[in-house]
Each structure stands twice: as C-alpha cells, then as structure tokens.
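Undergrad: Quick one: this structure, given as structure tokens, is what I'll be asking you about.
Coordinate-derived values only; no laboratory data. Treat the numbers as computed from the prediction; the structure is a model and nothing was measured. Because the Cβ atoms are built from the backbone with ideal geometry, glycine has one as well, and the counts that use them run over all protein chains shown.
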Amino acid sequence: MLTTGPRGTNDILPQEVGKWQILEEKIRSWCERYHFGEIRTPIFEHTELFLRGVGETTDIVEKEMYTFTDRGDRSITLRPEGTASTVRAFLQHKLAGQAPLQKLYYMGPMFRYDRPQAGRYRQFHQFGVEMLGSAEAVADAEVIVIALDILKELGLNDLEVHINSIGCPQCRQVHREKLVEFLGDRLSELCPDCASRFERNPLRILDCKNKKCQAIVSDAPAVMTCLCDDCRAHFEKLQSYLQKLNIKYEVDTNLVRGLDYYTKTVFEIMYSGLGAQSTVCGGGRYDGLVEECGGPSTPAVGFAMGLERVLLTLEKMGIQLAVPQGIDIFIASMGDEAQKEAFLLLHECRAHGLKGEMDYRKRSLKAQMKQANKLGAEKVVILGEEELNKGQAVVRMMETGEQLEVELSQLIETLEK
Ligand code: HAM
C-alpha cells in the first residue's frame with residue numbers, strides 16, 4: 001500500500017513529463033491565438049453543482065463521483081469535469097458583466113471512479129474550452145476547429161470528427177415520446193440501470209455501455225428525426241462553417257454524449273486505434289446550463305480533451321514529440337577547493353541561462369566524465385588543483401573531443417558560445 005499509488009492514478013516521472021510540457025505549451029499557444037483566457041477553478045466543489053450541472057441520471061453522478069463530507073459537514077466532490085465549475089465561476093464573478101462573450105480554457109486533473117483500463121483512469125487530465133454568450137453556430141465551429149488545430153500541430157491529422165444535434169428541450173420532448181414508445185415493449189430486456197433511466201431520462205439509455213442495451217437501441221428513433229426548424233438550421237449552419245474550412249466530419253446520429261447539459265450540437269473526435277476508449281475529445285453546446293445553475297439564460301458551447309488519450313494516440317501512431325534532451329555544461333572537479341570553485345562557477349552559468357550539473361558525491365574524474373556523457377552534456381569543464389593554481393580550467397567539447405585551456409575570467413563567455 002505504502003509503495004503503490006491508488007488504482008487508476010498515474011505518476012508522471014521526469015522522463016515522461018517532457019511530452020506533457022510540450023503538449024501543454026502547444027495548447028496554451030493555440031488558446032492565445034484563438035483568444036481564449038485561462039481559468040483555474042478549485043479541484044473540489046459543492047456536490048450540488050455536479051448533481052445539477054452534469055445531471056443526476058448520468059453515469060458520472062450515479063457511479064463515478066469522489067464525494068465526501070468535509071469536517072464542516074458539507075458534501076464535497078472532486079471535480080469529474082470542468083464545465084460545471086467554469087459555469088459556477090462565470091456566475092460567481094459575474095464575468096458576463098465584464099464582457100458578454102467569454103472564451104475560457106482550463107487544464108488540469110479530473111476525478112472519476114470508473115473501472116480503470118487503457119485510456120481510462122480515476123485521476124486523468126483534461127484540457128477544455130468553454131465559450132459562453134454566443135448562440136451562433138460559428139461558436140460551435142470555432143471550438144471544433146481549435147481542437148483540430150491543436151491535434152493537427154501534434155501530427156494527429158486523421159482523427160475522425162463525429163457531429164450530431166440532439167436538439168433543444170422542445171425537440172427532445174418529441175423524441176422522448178417516440179423513444180418511450182419504442183422502448184416500452186422492451187423494458188424487461190434492458191439492464192437495471194436503464195430500466196430506472198426509462199422513467200427519469202430515457203435519452204441516457206442511448207448512451208448505455210451494456211452490449212444488450214446497445215443492441216436494443218440500435219434501431220431506436222434518432223433525435224435528428226425530431227429536430228425543430230431552428231435546431232435543424234443551426235446544425236446546417238455549423239456544417240457550412242466546417243465545410244468552409246474543408247474539415248472532414250461525419251454526421252453520427254447515434255452520438256448523444258454522457259452528460260445531461262447538452263443541447264443542439266454534440267461532437268466527438270476519435271481515434272479508433274485506442275480501442276474501447278477511442279474518444280480523444282468530446283463536447284457540444286449547453287444552452288441551458290447557466291440557467292440551471294441559477295444564472296440568466298446564456299448560450300454556451302465547449303469541449304474537453306483527455307490529455308492521456310492524446311499522448312496514447314501519439315504513441316499508437318508512432319509520433320514522438322521533440323522533447324529537449326541533455327544539458328549545456330557539466331563541471332567536473334577534483335579536490336575540495338576545486339569543488340567549491342565548481343559550485344560557484346555552476347551558479348554563474350545558471351545565472352547566464354545555461355543548463356548545468358556537477359558532481360555531488362566526490363566521485364573520480366572518470367566517473368564524473370561518464371556521468372557528463374550520460375547526461376548529454378555539450379561541454380565539460382574540468383577543474384583540477386593544477387588548473388586552478390594557474391587560474392585556468394579545461395573545457396572539453398563532448399561531441400568532437402576537442403579540449404581547450406581557458407582563463408577562469410573568460411570561462412562563462414566561452415561556455416556561452
Ligand atoms: P467527457 O466526454 O466526459 O466530457 O470527457 C471529455 C474527454 O475527457 C473524453 O473524451 C476523454 O478523452 C477524457 N476522459 C473522460 N473520462 C476519462 C477517464 N476516466 N480517463 C481518461 N480520460 C477521460 C466532459 O467532460 C465535458 N465537460 C466536455 C465539455 C466541455 N462539454 C462542453 N464543454
């Protein structure tokens with residue numbers, strides 16, 4: 001127990017963290033270009049927010065939340081996703097008063113008590129964007145396009161984009177009636193969860209992971225067949241924006257997504273090579289959520305991307321991110337005086353922006369040179385008593401093996417070259 005982390009959690013070790021940092025940098029750079037501002041919300045919230053926001057009949061709320069009572073007897077939940085928290089912060093800080101259109105993004109850990117498998121963890125990381133204040137289809141297109149731009153820059157060009165419309169509450173009411181009629185005769189064949197969803201939220205049955213339920217609903221009426229004129233026009237407009245940018249997509253009328261807040265557009269970006277957990281990015285419009293959380297009616301659209309899944313996709317496709325390796329300087333020294341000088345010199349090197357390392361264990365010169373080589377040092381400074389007495393050091397270029405004697409006063413200048 002003491003030496004093993006909880007199931008479904010991962011340590012990101014120094015040798016792996018480089019690709020995370022590159023991914024995060026690229027995401028931030030694209031968010032800047034699209035003028036999305038970063039928001040950092042707490043990792044825990046009042047449980048009520050997710051019950052209301054995500055929806056009481058969703059798998060997340062029914063089975064997957066890390067909920068506990070704190071010492072003040074409040075029910076607290078580790079955030080399972082970022083949209084509800086963003087909406088809460090948007091309302092709490094009256095962001096709409098600062099600018100009626102808010103373009104926000106976040107990155108960080110999320111928590112879901114799900115059965116861990118490849119691409120599914122109990123602590124995982126999402127990058128998400130939320131655009132609050134526009135009801136226009138161009139906003140839906142904008143969030144899909146930023147996701148694709150980021151994935152493309154990473155080399156992930158050929159992911160599948162699935163889009164669908166699940167309509168507004170009016171279309172959904174029409175659909176609900178059709179669905180209830182369709183499922184009515186098959187009620188006894190549904191899994192116990194779906195049997196209870198039938199009364200409370202039959203749309204969720206379309207999203208059930210149970211194979212038998214999936215087979216039953218494969219012929220169920222699609223929401224697409226029940227769209228009102230406004231929702232249909234919105235969906236067509238979104239497609240015209242995607243076409244304008246030559247984006248390949250597929251209309252997938254079975255796509256409903258697993259959270260309750262969606263209205264109109266839903267979409268997923270997938271890579272089938274990931275197997276069961278093939279969705280790299282999922283999102284959609286949620287025009288009713290701000291109101292549901294106690295605010296004024298505010299249209300909104302966004303998505304979240306699973307960062308572990310992005311990295312897994314890169315791995316499966318054999319794409320390596322260019323993680324910088326090696327160090328600029330290694331300072332090898334022999335003897336107490338020389339080590340003190342090395343310590344001072346290294347301090348100066350770092351102040352000049354050089355990446356440097358030295359020996360901290362009083363090892364032999366041979367062992368230090370071996371370590372410098374292993375660390376990929378570009379130059380090694382050798383400081384021995386004899387060199388020090390002459391006010392000099394030896395600088396070795398590791399690639400060519402060339403060595404020069406340099407005056408200590410000239411050393412930083414030489415190393416910076
Ligand atoms: P979601 O589909 O629940 O949507 O999650 C979005 C993405 O997070 C998934 O497509 C997947 O890549 C990743 N993900 C989810 N669960 C796990 C897990 N257990 N392990 C690893 N990765 C996971 C949302 O969370 C919505 N808040 C998205 C959104 C934002 N919609 C509108 N705005």
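Undergrad: Please give every one of the lysines within straight-line cross-link reach of LYS366, meaning a C-alpha to C-alpha distance under 16 Å, and leave out same-chain neighbours fewer than 8 residues apart.
TA: Candidates past the 8-residue exclusion: LYS374, LYS379.
Undergrad: On alpha-carbon atoms, Rg over Rh for the stretch 45-95 using Kirkwood Rh?
TA: Across the stretch 45-95, the Cα-based Rg/Rh ratio is 0.99.
Undergrad: Starting from the amide H of VAL280, placed 1.01 Å from N in the peptide plane, find each other amide H under 5 Å away whose residue is 5 or more places distant or on another chain.
TA: So VAL280 has HN proximity to ILE269, MET270, TYR271.
Undergrad: Would you work out which of GLY82, LEU95, CYS194 lies farthest towards the positive end of the dipole of the chain? Charges go on Cβ: Lys and Arg +1, Asp and Glu -1.
TA: Of the options given, the answer is CYS194.
Undergrad: Place +1 on the Cβ of every Lys and Arg and -1 on the Cβ of every Asp and Glu in the stretch 1-55, take the dipole about the Cα centre, and give the residue among VAL17, ILE27, GLY5 whose Cα lies farthest towards its positive end.
TA: Towards the positive end, the residue furthest out is ILE27.
Undergrad: Then there is this: In a Gaussian network model over the chain where Cα atoms closer than 10 Å are linked, find which of GLN392, GLN21, GLN123 has the largest mean-square fluctuation.
TA: GLN392
Undergrad: When the distances between all Cα atoms of the stretch 246-383 are binned every 5 Å from zero, what whole-number percent does each bin get?
TA: Reading upward from the zero bin: 2, 8, 12, 11, 9, 6, 6, 6, 7, 7, 8, 8, 6, 3, 1.
Undergrad: Also, I was wondering about something else. Under 5 Å between amide H atoms, partner at least 5 residues away or on a different chain: which partners does SER333 have, H built in plane at 1.01 Å?
TA: For SER333, the qualifying residues are ASP359, LEU383.
Undergrad: Provide the per-residue ³J(HN,Hα) series for the stretch 393-409, in order, calculated from phi with Karplus coefficients 6.51, -1.76, 1.60 and θ = phi - 60°, each as a whole number of Hz, with x at glycine and proline positions.
TA: 9, 9, 10, 10, 7, 5, 6, 9, x, 5, 10, 10, 9, 10, 5, 4, 5
Undergrad: Residue by residue through the stretch 18-26, what is 3J(HN,Hα) from phi via Karplus (6.51 cos²θ - 1.76 cosθ + 1.60, θ = phi - 60°)? Round to whole Hz and write x for glycine and proline.
TA: Result, ordered by residue: x, 5, 4, 5, 5, 4, 5, 5, 5 Hz.
Undergrad: Quick one: Karplus J couplings for the stretch 170-187, per residue in order, coefficients 6.51, -1.76, 1.60, θ = phi - 60°, nearest Hz, x for Gly and Pro?
TA: Couplings: 5, 4, 5, 5, 4, 5, 4, 4, 5, 5, 4, 5, 5, 7, x, 6, 9, 3 Hz.
Undergrad: Running a GNM on the chain with Cα contacts under 10 Å, which residue among ILE269, ILE247, ILE382 ends up with the highest mean-square fluctuation?
TA: ILE382
Undergrad: Using C-alpha positions alone, give me the convex hull volume of the chain per residue in cubic angstrom.
TA: Roughly 201 Å³ of hull volume per residue.
Undergrad: Taking Cα centroids, how far is the stretch 261-281 from the stretch 145-217 in Å?
TA: With the stretch 261-281 and the stretch 145-217 each reduced to a Cα centre, they are spaced 12 Å.
Undergrad: Let me ask something else about it. Considering only Cα-Cα distances, which of the following residue pairs are longer than 32 Å: LYS340/LYS370; LYS103/LYS211; LYS152/LYS417; LYS26/LYS340; LYS211/LYS264?
TA: Exceeds cut-off: LYS103/LYS211; LYS152/LYS417; LYS26/LYS340.
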